[in-house]
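Everything on this sheet refers to the single structure shown next.
The values are calculated or read from the model by the stated rules, or taken from the named source; none is laboratory data. Source: prediction; values computed, not measured. Note: ideal-geometry Cβ built from the backbone for every residue, glycine included; neighbour counts use all protein chains shown. Just the protein is used for accessible areas: all its heavy atoms, side chains included, with ligands, DNA and RNA removed. Shrake-Rupley method; radii C 1.70, N 1.55, O 1.52, S 1.80 Å.
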Amino acid sequence: MFQYHEMHNYTGMTMPSACDSLLDDIEDMVTSHDPTPHERQFARRNIVPRPRRHQLQPAGEELQTDSVIPGTQKIWVRTWGCSHNSSDGEYMAGQLAASGYKITENPSDADLWLLNSCTVKNPAEDHFRNSIKKAQEQNKKVVVAGCVPQAQPRTEYLKDLSIIGVQQIDRVVEVVDEAIKGHSVRLLGQKKEKGKRLGGARLDLPKIRKNPLIEIISINTGCLNACTYCKTKHARGDLASYPIEELVERARQSFQEGVCEIWLTSEDTGAYGRDIGTDLPSLLWELVKEIPEGAMLRLGMTNPPYILEHLEEMVRILQHPRVYAFLHVPVQSASDSVLMDMKREYCCADFRRVTDFLQERVPGITIATDIICGFPGETDEDFEQTMELVRQYRFPSLFINQFYPRPGTPAAKMEQVPAHMKKQRTKELSALFHSYKPYDHKIGERQRVLVTEDSFDSQYYVAHNKFYEQVLVPKKPELKGKMVEVDIYEAGKHYMKGRPVEDAQVFTPSIAQPLQKGQVSGLPQELKASHQNGACASVASSVLVGRSWRFDGDGLKLLSLGLALAAVIVALVIEKLH
């Protein structure tokens, strides 16, 4: 029987009775005594079930079981949203695979759907809600994660579903285990140590990279802003940064697994370290020391207020040959009155200063930005200022968003711009963006590019040059994961096409052979071998793995349990024979 205790992070759900299968929200307190992820996985793989006493069955009848044994099912993981969310999804898939579950890319083949949501815009949440409905129609088990359930766990369509909080992804195996058995579990607490909020789950967890060549590292979670339109703040909370040494170690491990490109991500990378007495440049200089020649580092999104303080230092970092000359700096609007209503904590002149400074000192740099069309109170004059900003800078990468009022945000209570005007402004800005071609002048150039991905149509490989501009190259396996020289012969709106230079050196930046697609990162060698030879090893083989890994008191206990189980099985067989 479960015993319930009210916790101080209680989400306000109706308290279940002791006979219900709903577990309480749990707040994690991380201490030095907590088991490491490796220890937790090992312990789980070596759980020995206690045999029940059964009366002997009449001859010809099979022994009946009344429970489902988790750990052998197929799981489909679907993620929406930002690269931070993508990293969380990779970590959850890796832990499940390391625990015996099979990760499948076929949703109809899965026993359980793990849906990792995004709360930025209404359409993203609509897709998430529709996927839950579809899973239920197909009688699939469902576990939900990400920003939507974290921000609003009492939403009606999430009722009775198991939830993994954004800081609880290291508990995904426990939640899925219970969901497989038909229980509803909600883990929504915050990670804390000595009363201080942590950046999130540990960085050394197993993961399955969607692309074995690219490692996504979340350097912090949450932010320092309180934008009136943002729902993500409700989920991710205030700024909490990972220590520099943990991030450097994660990068080092990634390169040892064949990664050749690292993305740094968070809700605001520019604010990194303000809560722990450091800053973004300090982190970047330490990371650059670990990047092998030919491998590359890509910076994530930073809001203007925090990058302003580090412009000189950021110029030197972005000039480094192993760092992409690329920065994502959202402006959202060129109207100061709109920015004030958004509570963005900067004016348009600040954004222009950042852009002008970087473009002058890092020639060719790519500045990507975001714009919201139709924010409450936006006038025609406000919108025209935004159009003029785009005409002036001709951003090669521009994310255009029609404003959607998110429930529970201050902007949702403001007087809204009529829907037809929001659509019209979005259409006008999109037409302006598509009216210029940023890469035509680069036809004929010779560039060095790093090849890391497949194109959407699977006809090319995708590479990026120093400015993180997309270059399509022939789909030749020997180019994948390599730094190559190409001649640009064609340009489109979002890409260029490059022809490899004959007899040019093909440079391999990886210091190790990349993992295979679907292979689990971050496991001890013994567990990697066990996982590759079959996710569900026998109890005896698991005990042997434990013995070779750490033959201490725990190993002896597991060995004893294995022998005891073997004795019980032999006794049952003998009894049945008699």
Span per principal axis, largest first, for the Cα atoms of the stretch 74-189 (Å): 34, 29, 25
Please report, in debye to the nearest 20, how large the charge dipole of the stretch 324-463 is about its Cα centre when each Lys and Arg carries +1 at its beta carbon and each Asp and Glu carries -1 there. 260
In Hz, Karplus ³J(HN,Hα) per residue of the stretch 124-129 (6.51, -1.76, 1.60; θ = phi - 60°; x = Gly, Pro): 4, 5, 4, 4, 4, 5
Viscosity 0.890 mPa s, temperature 25 °C: give me the Stokes-Einstein translational D for the stretch 196-438 in µm²/s, with Rh taken as the Kirkwood radius over C-alpha pairs. 128
Across bins of 5 angstrom width beginning at 0, how are the C-alpha pair distances of the stretch 441-500 distributed, in whole percent? 4, 22, 38, 24, 11, 1
Here the net charge surrounding G377, from other residues whose Cβ is less than 11 Å away from its Cβ (Lys, Arg +1; Asp, Glu -1), is -4
Taking amide H atoms as placed 1.01 Å from N in the peptide plane, list the residues 5 or more away in sequence, or in a different chain, whose amide H sits under 5 Å from that of V471. A463, H464, N465, M496
Taking the Cα centre of each part, how many Å lie between the stretch 366-415 and the stretch 475-502? 34
Protein-only accessible surface order, largest first, of C347, C147 at 1.4 Å: C347, C147
Among the lysines, which fall within straight-line cross-link reach of K497, defined as a Cα-Cα distance under 24 Å, with same-chain neighbours fewer than 8 residues apart omitted? K437, K442, K466, K475, K476, K480, K482
List every residue whose amide H lies under 5 Å from the amide H of E453, counting only residues 5 or more places away in sequence or on a different chain, with H placed 1.01 Å from N in the peptide plane. V462
Nonlocal amide H pairs with M296, under 5 Å, H built at 1.01 Å: E261, I262
I want the local charge near V417. Using Cβ-Cβ distances under 11 Å, sum +1 for each Lys or Arg and -1 for each Asp or Glu among the other residues. -1
H434: net charge of surrounding residues, Cβ under 12 Å, Lys/Arg +1, Asp/Glu -1, itself excluded? +3
What ³J(HN,Hα) values, in whole Hz, does the Karplus curve 6.51 cos²θ - 1.76 cosθ + 1.60 give for the stretch 80-86 when θ = phi - 60°, with x put for Gly and Pro? 10, x, 6, 5, 4, 5, 4
By accessible area (1.4 Å), largest first, H234, H127 order as H127, H234
Sorting R274, R322 by accessible area (1.4 Å probe), largest first, what list results? R274, R322
